[in-house]
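Here is the structure we will look at, set down as structure tokens.
The values are calculated or read from the model by the stated rules, or taken from the named source; none is laboratory data. Given the structure is predicted, the values throughout are model-derived calculations rather than measurements. Heads up, the Cβs are rebuilt from the backbone with ideal geometry, glycines too, and the neighbour counts pull from every protein chain shown. Heavy atoms of the whole protein, side chains included, go into the accessibility calculation; ligands, DNA and RNA do not. Shrake-Rupley method; radii C 1.70, N 1.55, O 1.52, S 1.80 Å.
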Amino acid sequence: MEVDPLVIDVKGMHYTPLNRMIREAVASGVRDIVLNNVLGQRFIGNGLRGNVKIIINGVPGGDLGMFMSGPEFEIFGDSEHAPGNTMDNGYLFIHGSAGDAVAHSMRGGKVFVKGNIGYRGGIHMKEYDGKYPILAVGGTTHAFLGEYMAGGLILVLGIGQEPAVRDRGIGSGIHGGEIVIRGDISEKLLGVGAKKVEFTKKDLERLTPVIEEFCERFGIDPAPFLDTNYSRIIPASSRPFAGKYTWE
């Protein structure tokens, strides 16, 4: 038997009672929630567990889905800073753009952003306890993409723009994971500790499911992106700043 979703009008509501309502609903067995008139409420889904899908109509505030493990969020609008912060597992599908530090310290799950993101996207992303985090961006990003990245995948398609990223500091301090960017990225844009390597047909085969899933989610034809016209950026070393310290 199909059950109607729980619909909450959050206009003017403070994020604390809102999050309490969400947690209580999930604990009672609710599996579909719709939040209408969202405007800047922070920490939505903070630490949330369980099998639940939440649709957000509006613009959620910072740290959307922080520490969560399992739920799926679909946002019909933009998102402020750090969606997916330290997310353990689950899904954030953002139909607009997002702010700085998207997927900050993310350690599992997927964050898909149809539009653009700000600075330091994917900073400190890591693979944790067998989990493999993925940040995929349909538009472009700003400086210090993948800074101090320790694991996982960042994919930037740059729809309508090539190369997909034109800001500096890509992969600054990266010591794990990979950054894959549409087009030929100049090595002048790479940060300390990052190096560009060939994107091969085997890489394409490996990432095709991610590209197709991203495009299917947002109604984009994947065909133009299924080739080897990408730059792959990986760590030059597992300890990029070892020389900055004095060891006895």
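Counting only helical runs of four or more DSSP H residues, what would the 222 nm mean residue ellipticity of the chain come to if each run contributes -39,500 (n - 2.57) and the total is spread over all its residues? Please list the in-between numbers first.
Numbers: 2 runs with 31 residues, N = 248.
Rounded to the nearest 500, the figure is -4000 deg cm²/dmol.
With axes computed from alpha carbons, what is the tilt in degrees of helix 15-27 against the longest principal axis of the chain, rounded to the nearest 10 within 0 to 90?
Once rounded, one gets 80 degrees.
At most 11 other Cβ atoms within 10 Å plus a DSSP loop assignment makes a site exposed; report the longest stretch of the chain without any exposed chymotrypsin sites (Phe, Trp or Tyr not before Pro).
Numbers: sites that count: TYR245, TRP247.
Counting at most 11 other Cβ atoms within 10 Å as exposed, the longest clean stretch of the chain is 1-244.
For a quick check, take a GNM of the chain with Cα springs below 10 Å and name the residue from SER28, SER231, SER186 with the largest mean-square fluctuation.
Answer for the Gaussian network model of the chain: SER28.
When the solvent-accessible surface of protein heavy atoms is calculated with a 1.4 angstrom probe, in what order do VAL59, VAL102 fall, highest first? Let's see the in-between values first.
Values: VAL59 45, VAL102 0 Å².
The residues order as VAL59, VAL102, largest area first.
For the stretch 73-115, what does the alpha-carbon gyration tensor say about shape, rounded, prolate or oblate, given a ≥ b ≥ c as the root eigenvalues, a/c under 1.5 as rounded, and a/b over b/c as prolate?
Cα axes put the stretch 73-115 in the oblate bin.
At a 1.4 Å probe, what is the % contribution of carbon and sulfur to the accessible area of the chain? Walk me through the intermediate numbers first.
Values: 5660 of 11420 Å².
So the carbon and sulfur contribution to the accessible surface is 50 percent.
Can you list the residues, at least 5 places off or on another chain, whose amide H is less than 5 Å from the amide H of GLU127, using H built in the peptide plane?
HN-HN under 5 Å from GLU127: GLY151, GLY152.
I'd like the accessible area for LYS126, computed on protein heavy atoms only with a 1.4 Å probe and all protein chains in place. Round to 10 Å², please.
Using a 1.4 Å probe on the heavy atoms, I get roughly 70 Å².
Using R₀ = 25 Å, calculate the FRET efficiency as 1/(1 + (r/R₀)^6) where r is the Cβ-Cβ separation of GLU216 and GLU162; round to 0.05.
On the way: r = 22 Å, r/R0 = 0.88.
Here the calculated transfer efficiency is 0.70.
Please calculate the 1.4 Å probe accessible area of GLU127, with all protein chains present, and give it to the nearest 10 Å².
100
For the chain, compute Rh as the Kirkwood radius over C-alpha pairs and then the Stokes-Einstein diffusion coefficient at 10 °C and 1.306 mPa s; write the answer in µm²/s, rounded to an integer. Spell out each step's value before the answer.
Details: Rh = 18.3 Å.
The calculation lands on 87 µm²/s.
Given the convex hull over the Cα atoms of the stretch 135-181, what projected area results after averaging over all orientations, in nm²? Mind dumping the intermediate values first?
Working: hull surface 10.6 nm².
That works out to 2.7 nm².
Within 13 Å, Cβ to Cβ, of GLY62, how many net charges do the neighbouring residues add up to if Lys/Arg are +1 and Asp/Glu are -1?
After counting each charged neighbour, the total is -3.
Can you tell me the 0 to 90 degree angle between the C-alpha axis of helix 201-218 and the longest principal axis of the chain, rounded to 10?
Helix 201-218 sits roughly 30 degrees off the main axis of the chain.
Suppose all protein chains stay in the model; what accessible area per residue would a 1.4 Å probe give for the stretch 101-237, in Å²?
Working: 5570 Å² over 137 residues.
Per-residue accessible area for the stretch 101-237 comes out at 41 Å².
Report, by chain and number, residues whose modeled amide H sits under 5 Å from the one on ILE185, excluding near sequence neighbours (fewer than 5 apart, same chain).
SER231
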